Structure formats: structure tokens, C-alpha cells
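Peer 1: After the C-alpha cells below, expect a handful of questions from me.
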Amino acid sequence: MFKENLKMSWINLIHNKMRSFLTMLGIVIGVASIIALITIVKGAMNGMTSEFSSFGADKISVQAIGTPLKKGLLDTDIQKLADIEDVAGVSPTLAGTTNVVYNGSEKTDVMVQGKNDVYFSKTKDLVDTGRGLNILDINSENKVCLIGSDIANDLFWGEDPIGKKLMIAGVTYTVVGTLQKSSSFSEASTNDAVIIPYTTSMSLLGTGYITSVDVYMKDSNDSEKITSDIESVLNQAFNYKADSFTVMNMEDMISSIKQVTTMLSLMLGGIASISLVVGGIGIMNMMLVSVTERTTEIGLRKALGAEPKRIQQQFLLEAVFMSLFGGTIGFLLGVFIAFVVCLIIGASFALSVSTVILALGFSAAIGIIFGIAPARKASRLNPIDALRSV
């Protein structure tokens with residue numbers, strides 16, 4: 001009997017193709033919206049999280065705002081940070097802009113960054129050709145530099161820059177390496193940048209203080225303890241002056257981004273679900289009309305001994321059919337839209353199983369919920385009253 005109801009439900013749907021399609025349209029739009037929106041958001045956020053992770057999930061960044069008496073950190077403070085238990089290394093950063101000249105060609109407003117050997121040992125895929133800075137460069141304040149890809153192209157086109165002399169703020173430096181071409185968040189700080197030993201940059205930039213430091217951890221699981229120890233050192237360095245520094249844990253930032261992603265996905269999914277509810281109302285409306293149109297059929301079936309639950313089952317199956325069929329079309333459409341958009345914006349295509357289950361499960365539930373009322377109405381028709389319309 002169930003197979004017979006299944007077959008009759010399918011025949012009734014394909015008998016009114018246009019009406020069935022228009023009824024399913026709300027489900028199609030709803031499911032497609034959920035799949036597309038959540039997938040696109042997840043893909044974009046995954047790309048952003050990946051970028052932040054590339055900065056180093058095992059890294060804690062310190063910004064020294066300073067006090068009127070002490071504008072930043074000294075080498076002694078950097079050493080105290082390096083001496084903290086479970087710290088793998090400390091990389092100070094100084095930055096400023098200046099002009100660079102090579103063989104009569106000048107490039108203005110170039111970002112000069114002072115770094116140390118720890119930065120190069122802890123940062124992957126940084127050096128393209130040549131070498132990074134080493135401990136001898138730092139201790140001896142050597143006049144050596146690494147240049148970004150844009151500077152290499154603009155000033156050394158067709159030449160190998162390694163070993164060439166470059167004038168930075170009127171001082172001669174030897175190029176010992178070139179930096180990998182970077183993208184996204186880090187593009188401005190490497191492609192058009194020159195990196196020199198931080199000890200050398202102090203005199204070039206005219207400062208005796210360090211305002212930015214990256215602290216690398218041996219184990220990111222110990223981040224809370226290490227952060228607490230860093231704050232203790234900094235409090236002593238700035239005499240417990242409020243707002244004299246900030247400490248930022250990349251792992252905490254990545255965790256916050258994931259929380260925002262989840263909330264955004266749920267919000268967008270909720271908004272898109274409104275279309276599913278509208279689609280469900282459309283299904284209920286069409287099924288109620290169908291009950292009215294098929295009053296005679298229902299009366300004949302009941303007169304021939306069809307039980308009310310069989311009548312109810314048939315109409316409920318029709319509602320679920322439309323909902324699931326519409327959900328399948330919406331799923332395929334949503335996947336296609338998400339794939340195309342992710343391709344255009346350069347985000348990763350990340351279709352999760354939970355998103356598929358949510359969309360299709362919700363569409364099936366809509367079919368059942370909004371199909372119950374018409375099905376119950378059909379099953380409760382009095383066969384004598386129904387046959388009077390013949």
C-alpha cells in the first residue's frame with residue numbers, strides 16, 4: 001500500500017508540472033541561499049584564518065606604547081623577554097620610511113624594517129634568494145640588507161642584486177638577500193620593503209627604543225602562562241604604568257575569528273531559512289487547493305474502503321516529495337553559486353557536511369510540517385459529502 005501511495009503521489013505531482021515547480025520555488029531559493037551563503041562565508045573566513053595562522057599561531061605580539069619617561073623597550077628588556085621559560089625566541093621590529101638609491105635610480109618612501117636573526121629562523125618561506133640576517137649581523141651592526149620583490153624589480157631589473165651596494169638614507173648597504181613575493185595581509189610590508197639588522201636601524205631611524213616585539217613560544221599550549229610572564233616583565237619595564245603596552249596572542253585572535261564565522265554563518269542561515277518557511281506555506285496552500293480539487297477522488301477511495309491514514313499518507317508524501325525535490329535542486333544550485341563566487345573572490349570552496357544536512361533536513365521538515373494540515377483535511381473528508389460533488 002505504501003508503494004502504491006508513493007506512485008500515486010509522484011503521478012499527481014508530474015501531472016501538474018508547472019504548479020508543482022512554482023510551489024517548490026520557495027524551497028529551491030531557500031536551500032540555495034543557505035548552501036551558497038554559508039559556504040561562501042566559510043570559504044572567505046577560512047582564507048582569513050589561514051592568513052593569520054601564517055603569521056604564526058605560536059607567536060605573541062607586543063606593542064610598547066611607552067610612557068613619558070620611557071618611549072619603548074631597551075635591549076635589556078628584550079633579553080628579559082627572551083629569558084622567560086618556554087620562549088623560543090624574541091624578534092624586535094623597528095620601522096620607518098626613507099629613500100633608497102642604486103646606480104643613480106631612486107625609489108622613494110620605502111619601508112625600512114629592523115629585524116634580527118630570530119625573525120628569519122622562525123618565519124617560513126621568507127627568503128627568495130641569498131640569505132637572511134644572522135647573529136653576527138646583529139651583534140656587529142653590519143650594513144647589510146634584504147630587499148622586497150618590488151624593489152628588486154624596480155632597481156635591479158635584469159641583474160642579480162646579491163652582493164650589490166644599495167644606498168639607504170645616504171648610507172651604503174650590501175644586499176645579501178631578496179624576499180619572497182607576498183600577498184594579502186603582508187603584501188605592503190614585504191614587497192616594497194628593505195630589512196636591515198635592528199641594531200643598525202636604531203641609528204638610521206634615530207631611535208634608541210623598540211616599540212614592537214614578537215615573542216615565539218616553544219609550545220602554543222603554554223600561551224596563557226607565557227602571556228602572563230610577558231606582562232610581568234613589561235609592567236616592571238614601564239613601572240606598572242597603565243596602557244603602556246598591549247599583548248596580543250595570535251591563537252586567541254584566530255579563535256575569535258572562528259567564533260565570528262560561526263555566528264555569521266548561523267545568522268545568514270537563519271535569514272535564508274525565511275525563504276524555506278515561505279516555501280512551506282506555498283506547499284501547504286497548493287496541497288489545500290489539491291484537496292479541494294480531488295474531493296471526488298478522495299470520496300471514491302474512502303467509499304471503496306481506503307482508511308483515513310492511507311489518504312493522509314498519500315497527501316503527506318506529496319508534500320514531502322515537493323519539499324525534497326525542491327531541496328535537491330536548491331542544493332545543486334547553491335553549490336554552483338558558491339563555487340563560482342569563491343572562484344571569483346579567490347576564497348577556498350569549503351562545503352561542509354553539516355551545511356548540507358541542515359539545508360536538506362530543514363527542507364524535509366518543512367514538507368512534513370506544512371503538509372500535515374492538508375493531509376489531515378483530506379483524511380477527514382466524509383465520503384458521502386465528497387461524492388455529492390460528482
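Peer 1: Within the stretch 85-119, can you find the residues that are within 15 Å of Ile226 (Cβ to Cβ), in contact with a strand residue (DSSP E or B) (Cβ under 9 Å, 6 or more places away or on another chain) and surrounded by fewer than 18 Cβ atoms within 10 Å (Cβ to Cβ)?
Peer 2: Asp86, Ala88, listed by residue number.
Peer 1: Cβ-Cβ under 8 Å, sequence separation 6+ or interchain: first residue in the stretch 314-337 and free of Cβ contacts under 8 Å to residues at least 60 places away in the same chain, partner assigned to a helix (DSSP H, G or I) and not hydrophobic (A, V, I, L, M, F, W, C). Which pairs?
Peer 2: Leu316/Gly371; Ala319/Gly367; Ala319/Gly371; Ala319/Pro374; Val320/Gly367; Val320/Gly371; Leu324/Ser363; Leu324/Gly367
Peer 1: Tell me which residues, restricted to the stretch 233-244, are open to solvent by 50 Å² or more (accessible area, probe 1.4 Å) and not charged (D, E, K, R).
Peer 2: Taking the stretch 233-244 and keeping what is open to solvent by 50 Å² or more (accessible area, probe 1.4 Å), we get 236, 239-243.
Answer for the stretch 233-244, where residues must be open to solvent by 50 Å² or more (accessible area, probe 1.4 Å) and not charged (D, E, K, R): Gln236, Asn239, Tyr240, Ala242.
Peer 1: Within the bounds of the stretch 329-344, is there any residue that is open to solvent by less than 70 Å² (accessible area, probe 1.4 Å), touching a helix residue (DSSP H, G or I) at 6+ places or on another chain (Cβ under 9 Å) and closer than 23 Å to Asn285 by Cα? Even if it seems obvious, please write down each step before you answer.
Peer 2: Restricting attention to the stretch 329-344, the residues satisfying the condition of being open to solvent by less than 70 Å² (accessible area, probe 1.4 Å) are 329-331, 334-335, 337-338, 340-342.
Next, only the ones that are touching a helix residue (DSSP H, G or I) at 6+ places or on another chain (Cβ under 9 Å) stay: 329-331, 334-335, 337-338, 341-342.
Applying the additional criterion that residues be closer than 23 Å to Asn285 by Cα yields 329-330.
Looking for residues that are open to solvent by less than 70 Å² (accessible area, probe 1.4 Å), touching a helix residue (DSSP H, G or I) at 6+ places or on another chain (Cβ under 9 Å) and closer than 23 Å to Asn285 by Cα, one finds at least one in the stretch 329-344, hence yes.
Peer 1: Here's a follow-up. What number of residues within the stretch 21-35 are of a type in the set (Gly, Ala, Ser) and open to solvent by 10 Å² or more (accessible area, probe 1.4 Å)?
Peer 2: Let us first name the residues in the stretch 21-35 that are of a type in the set (Gly, Ala, Ser), namely 26, 30, 32-33.
With the extra rule that they be open to solvent by 10 Å² or more (accessible area, probe 1.4 Å), the set shrinks to 26, 33.
Within the stretch 21-35, residues that are of a type in the set (Gly, Ala, Ser) and open to solvent by 10 Å² or more (accessible area, probe 1.4 Å) number 2.
Peer 1: Going through Val247, Val215 one at a time, which residue ends up being over 21 Å from Ile147 (Cα atoms), of a type outside the set (S, T, N, Q) and buried (at least 21 other Cβ atoms within 10 Å of the Cβ)? Before you say what the answer is, go through the steps one by one.
Peer 2: Details: Val247 fails: buried (at least 21 other Cβ atoms within 10 Å of the Cβ).
Going through Val247, Val215 in turn, just one is over 21 Å from Ile147 (Cα atoms), of a type outside the set (S, T, N, Q) and buried (at least 21 other Cβ atoms within 10 Å of the Cβ): Val215.
Peer 1: Give me the residue from the stretch 133-151 that is open to solvent by 20 Å² or more (accessible area, probe 1.4 Å) and of a type outside the set (S, T, N, Q) and, out of that set, nearest to Tyr198 (Cα to Cα).
Peer 2: By that ranking, first place goes to Glu141.
The values are calculated or read from the model by the stated rules, or taken from the named source; none is laboratory data. Remember, predicted model here, so these are calculated numbers, not experimental data. FYI the Cβ positions are ideal-geometry reconstructions off the backbone, even for glycines, and counts take in every protein chain you see. Ligands, DNA and RNA are stripped out before the accessible areas are found, and what is left, the full protein with its side chains, is counted by its heavy atoms. Shrake-Rupley method; radii C 1.70, N 1.55, O 1.52, S 1.80 Å.
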